[in-house]
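Okay, so here's the structure we're looking at.
The values are calculated or read from the model by the stated rules, or taken from the named source; none is laboratory data. Computed from a predicted structure; not experimentally measured. Ideal geometry is used to build each Cβ from the backbone, glycine not excepted, and the neighbour counts take in all protein chains shown.
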Amino acid sequence: MKYTLRMQNLRPSAVVRARGRIYVRAPGSKAQEIAKALTKVFGISSVSPANQTTSDLNDVYQTALEIAKNILPQESTFAVRCHRVGIHPYNSQDVCRNVGEKILENFKIRRLRVNLTHPDVTITAEIRDKEAYVYAESLPGQGGFPLGTQAKTVCLLSGGIDSPVACWLTMKRGSPTVPIYVDNTPYTDERTTLRAVETAKKLQDWSAGHMNKIYIVPNGENIRTIQEKAPARFACLLCKRLMYQIAERIAETEKAFGIVTGEAIGEQASQTMHNLYAIDEAATLFPIHRPLLGFDKLETEAIAKKIGTFEISIRKAKGCSAAPSMPATQARLSAVKAAETNLDMTAMVESALLKTHTLNLSKQEDDV
């Protein structure tokens, strides 16, 4: 949380833990910005900008009236809720009833009404021992687990719609993720590379300091070799198998525990169940994780729009021109491996890794 706020130049005066709550203390003018920023921290279920006061009932009333004055429009409906922890000379119903009465009494001219089922505005008083927090807005968080509570993974990030979403879903479950972009130039172009880097930067907004670089792996020479020495219908499958082996080596370097991809059943010719089986066997050191396996495109696009990668992913870029016109859709593993005997996969992996570099996502500087 602290790192996320520092990234946006938001510095609270204190961050205090309590049972089931974390309180971020800051000037009221910054409350909304801080609350919005914290909704991007995995593990947080909701964020509520609140006014702090004492648990004295009169102080709770006055704070609630101040909030009501600013947010309750003419002829609107409202409800008052109370959550209370500790010993007090009143109960939660007393708070709800009396705050509601005082709001109606003080703002008669607005013709307000109480609606406990579907109110336009809900004012909540959370009273904990000697302190109270009153608020009328609760921003939904992402839930999941805080980043770092699960082991690291690497993610094959193409910059298209699917792979950034797969990466985000993995991070949501607490796994820091290192992006890997396999650069197929000259079969793709600079726009394709730029798109991948930009999606990684957008994912960095959600990473709370864990994602600071992207691996760029040149793969054009390997594709040319595959085209020259292997059947065209297996080109994409052999390329994928090669990518998995490259990703495994990087995963070893990063001390990661798996490889994440954006593959979904039937989304592309290489992603039928037969073909996924044929390419999985290439990964011998780490499991392949596919968060989107059962998603359809609309579901994936909805998440991409939510996390801010969609507009980047749909930018015009050159698709891989090495893709065959009639790819295998139900390849047999034995046939794919037979085609692979014409390739020195180990040498191809080593060649790609020797030319791999990392791009610092924050400073935009290359580290060889």
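A single member of Leu194, Leu169, Leu156 is hydrophobic (A, V, I, L, M, F, W, C), farther than 28 Å from Gln32 by Cβ and surrounded by 17 or more Cβ atoms within 10 Å (Cβ to Cβ), and it is Leu156.
Going by the structure shown, is Thr284 crowded, with 20+ Cβ neighbours inside 10 Å and β-branched (Val, Ile, Thr)? It is false that Thr284 is crowded, with 20+ Cβ neighbours inside 10 Å and β-branched (Val, Ile, Thr).
Tallying residues that are touching a Ser or Thr at 6+ places or on another chain (Cβ under 9 Å), without any contact (Cβ under 8 Å) to a residue 60 or more places away in the chain, closer than 30 Å to Gln8 by Cβ and of a type outside the set (S, T, N, Q) within the stretch 177-233 yields 3. Of all residues in the stretch 243-256, none satisfies being in the same structural domain as Pro164 (by TED's automatic domain parsing), farther than 22 Å from Asp183 by Cβ, β-branched (Val, Ile, Thr) and out of contact with any Cys (no Cβ under 6 Å at 6 or more places or on another chain). For the stretch 194-220, the candidate set comprises residues that are at pLDDT below 95 and of a type in the set (S, T, N, Q); within that set, the residue that is farthest from Lys305 (Cα to Cα) is Asn212.
Of all the listed residues (Ile67, Ile109, Ile123), the sole one being farther than 18 Å from Tyr135 by Cα and aliphatic (A, V, I, L, M) is Ile109.
The helices (runs of 4 or more DSSP H) located wholly in the stretch 145-232 that include 3 or more residues which are closer than 21 Å to Ser325 by Cα occupy 220-229.
The condition (being assigned by TED's automatic domain parsing to the domain that holds Ala322 and in contact with a strand residue (DSSP E or B) (Cβ under 9 Å, 6 or more places away or on another chain)) is satisfied by just one residue among Leu194, Leu203: Leu203.
For Arg11, the conditions (1) exposed (fewer than 12 other Cβ atoms within 10 Å of the Cβ); (2) out of contact with any helix residue (DSSP H, G or I) (no Cβ under 7 Å at 6 or more places or on another chain); (3) not aliphatic (A, V, I, L, M) all hold with the exception of (2). The set of residues from the stretch 311-341 being touching a Pro at 6+ places or on another chain (Cβ under 9 Å) and within 17 Å of Arg191 (Cβ to Cβ) comprises Ile312, Ser313, Ser321. The residue that is nearest to Ala14 (Cα to Cα), among those in the stretch 34-93 that are outside the structural domain of Glu126 (by TED's automatic domain parsing) and free of Cβ contacts under 8 Å to residues at least 60 places away in the same chain, is Ile34. Within the stretch 94-104, restricting attention to residues that are free of Cβ contacts under 8 Å to residues at least 40 places away in the same chain and of a type in the set (D, E, K, R), the residue that is farthest from Ile22 (Cα to Cα) is Glu101.
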